[in-house]
Amino acid sequence: MNSTHAVGRISRSLYARLALVYLVSLIALSLATAWIAVGQFDQLGREWLQRNQIDLATHLARQLREPLAEGLDSAVARNAVARIKSINPVLSIYVLDGSGRVVGAWGGHRCALGQRISTDAIRGLLEKMPMLPAYADLPCDAGRNVFSVARVDYGPQQAHGYLFVALEGNTHMSMARMWQTSSISRSVLIAGIAALLLSAGAGLLLFALLTRRFSRLTRAVQRLADGDHSTRIAVRSDDEIGRTARAFNDMAATIEAQISALRENDRQRRELVANLSHDFRTPLTALRGYAQKLRENATGQAVEQVDALLANVGRLTRLAEQLSLLSRLEIPERALHIEPFPLAELSYDIAIKFRPQAEARDVELRVDCSTPLSVAADLELVDRALSNLIDNALRATDPGGHVTLAAAATAGGVRVSVTDTGIGIPAEDLGLVTQRFYRTRAARKRGSGSGLGLAIVAEVCARHGTRLELASDAHGTTAAFELPSA
């Protein structure tokens, strides 16, 4: 699977795409060049043949002057043409009238009688400086070929016409045989293939050198995205890639400085919150003590005032404790004290702790954890998280409702949930209630909570590598998270 993924990643890389485009273009260009070269080589061979034998028809016309004067079908003319063809069998000899119509043909070429050959090609070759090679369409469907031509008089009446000589009947076959048997042709072919392979290798090497720098830049960006803000790239050139690397280094330095500043600000904030929450405890404890003494001696309306004072002191104390705990949870260096413990025992202890509060609110507190389940987690933090969830559930549940603390085994561990039959959380607030000091409209109306309870639970879950899940509707709310089994 890994090898398949690696091959797929390489095939999608910039180097693979450049190499593919380069090789396809190189092969296409080589084939086109070879096709053009073969065609031009064939043209060169025909030109060479016509240039060397351009006066052949003139010489033959001198030898055939008297035989042709006897008549085109005379025995003398046939014998003369036969002697010439015995010397060079590939020649095709015709006599044309002034309009280019074939009036004389011998042997197997009598099929040409009556056919026409273009006089434009003939006049072009008869010019003082003809452009070679010059082609003409041969009779008997023999195709286009080079030729030699001369003016000649024929017959008893000495009619004016042309002696037309097709120099070769199958030049293409001759060229093919030459490619097969010529050492020069083979040398050219081998040299072309060697040049193609050399160009391909040099191009692929050049692309590898170019894309290697892009690869280094990509790996550096990936390391930066993974959190290694000290990543830098060595700049060895001042081209586009070098300037990009320099810009990346500047960006990474700026990000590293900003993150360092943010970490320092966060550390100072945590220290400030921890110090303030610690400093609040002493005066709050003293204030609670004085208020309790006043409560013992208070009468009448003063009792209600002292009770209100004690309630507010309790809220401030809980807020200070929550701030202190949250500041400790946010310290990344603080290691969790992971230990195995029975979840059922912890659940019943928490239920006993909150039972007086539940009875005072006329809410039934249930525990559904009959199966012996053990988890490996930080006992103190899990205790605090479940306590916060139950406290929130009790505050959100009207008299006559119930709150259930349940635990069940799952494939990945143990799922712990707290379910209430309270007022629920609006859908637009579900993603916000785990933020610090955020309270729903219903919580603000009730005047309950500090907005830190669910934030602490979410932080405890994050430190344990899990996530707080919230589901709510008009019939109640369920908060759940999963812990690893012991």
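The values are calculated or read from the model by the stated rules, or taken from the named source; none is laboratory data. Predicted model only: the values in this text are computed from it and were never measured. Methodologically, a virtual Cβ is constructed for each residue, glycine included, from the backbone with ideal geometry; neighbour enumeration extends over all protein chains shown.
Each residue in region 216-247 was checked for being in a helix (DSSP H, G or I) and either of a type in the set (S, T, N, Q) or over 23 Å from Gln258 (Cα atoms) (or both), and 7 pass.
Scanning region 150-181 for residues that are of a type in the set (Ser, Thr, Tyr), at pLDDT below 75 and surrounded by 13 or more Cβ atoms within 10 Å (Cβ to Cβ) returns Thr171, Ser174. All conditions in (1) among the charged types (D, E, K, R); (2) under 24 Å from Trp48 (Cα atoms); (3) surrounded by 15 or more Cβ atoms within 10 Å (Cβ to Cβ) hold for Asp97, with the sole exception of (2). Under 6 Å between Cβ atoms, at least 6 apart or on separate chains: pull out the pairs that start in region 29-54 with a residue that is touching a residue at least 40 places away in the same chain (Cβ under 8 Å) and end on any residue that is among the small types (Gly, Ala, Ser) and surrounded by 11 or more Cβ atoms within 10 Å (Cβ to Cβ). Cβ pairs passing all conditions: Gln53/Ser148; Ile54/Ser148. Being in a helix (DSSP H, G or I) and at pLDDT 75 or above, is that true of even one residue in region 335-343? Yes; the residues of region 335-343 include at least one that is in a helix (DSSP H, G or I) and at pLDDT 75 or above.
Residue selection: Arg51 satisfies the criterion of being part of a helix (DSSP H, G or I) and either in the same structural domain as Asp153 (by TED's automatic domain parsing) or modelled with pLDDT of 85 or more (or both). For region 1-41, the candidate set comprises residues that are of a type in the set (Val, Ile, Thr) and modelled with pLDDT of 70 or more; within that set, the residue that is farthest from Leu132 (Cα to Cα) is Val21. Per the listing Arg384, Arg366, Arg395, the residue uniquely farther than 19 Å from His475 by Cα, basic (Lys, Arg) and surrounded by fewer than 22 Cβ atoms within 10 Å (Cβ to Cβ) is Arg384. Among the residues making up region 115-162, those that are of a type in the set (D, E, K, R) and within 60 Å of the chain's Cα centre (by Cα) are Asp137, Asp141, Arg144.
Exactly one residue among Leu405, Leu365, Leu389 is of a type outside the set (Phe, Trp, Tyr), in the same structural domain as Arg467 (by TED's automatic domain parsing) and in a helix (DSSP H, G or I), and that residue is Leu389. Scanning region 356-406 for residues that are hydroxyl-bearing (Ser, Thr, Tyr) and closer than 22 Å to Ala458 by Cα, we see that the one that is nearest to the chain's Cα centre (by Cα) is Ser374. Quick one: would you say Ala220 is surrounded by 12 or more Cβ atoms within 10 Å (Cβ to Cβ), of a type outside the set (Val, Ile, Thr) and under 20 Å from the mean Cα position of the chain (by Cα)? In short, yes.
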